[in-house]
Amino acid sequence: SLIITDECINCDVCEPECPNGAISQGDEIYQIDPNKCTECVGHFDEPQCQQVCPVDCIPHDPDHQETKDQLMQKFLKLSAAA
Ligand code: SF4
Ligand code: SF4
């Protein structure tokens, strides 16, 4: 999963770009649900939120490190549930 850091300026451009609906507005800044973020695996070659964020505040989450295989499994699970 990726994570949004406190450098987020609440510009709202990332939220509609997420194919998994993993991004939402939190109390102070936008946030990513690690259970829904596949790092865009299954949808796009590059994480879409990272592509659009104007302040570059969406790094990999060191507490949620996943392999491509794990991210693909998550994508398949989310697709089946949808
Ligand atoms: Fe959504 Fe992709 Fe960003 Fe994860 S990397 S939050 S799936 S846009
Ligand atoms: Fe925050 Fe970046 Fe998303 Fe804008 S694009 S809301 S700055 S994380």
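The values are calculated or read from the model by the stated rules, or taken from the named source; none is laboratory data. Because the structure is a prediction, the values reported are computed rather than measured. With ideal geometry, Cβ positions are generated from the backbone for all residues, glycine too; neighbour counts draw on all protein chains shown. Side chains included, ligands, DNA and RNA excluded: accessible areas come from the protein's heavy atoms. Shrake-Rupley method; radii C 1.70, N 1.55, O 1.52, S 1.80 Å.
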Test of understanding: among Asn35, Asn10, which residue is open to solvent by less than 70 Å² (accessible area, probe 1.4 Å) and either polar (S, T, N, Q) or near ligand 2 (Cβ under 9 Å from one of its atoms) (or both)? Asn10
Condition broken by Gln51, with the remaining ones in (1) in a loop (DSSP other than H, G, I, E, B); (2) open to solvent by 50 Å² or more (accessible area, probe 1.4 Å); (3) in contact (Cβ under 8 Å) with a residue 12 or more places away in the chain satisfied: (1)
Of all residues in segment 54-79, which are surrounded by fewer than 14 Cβ atoms within 10 Å (Cβ to Cβ), among the charged types (D, E, K, R) and within 16 Å of ligand 2 (Cβ to nearest atom)? Asp56
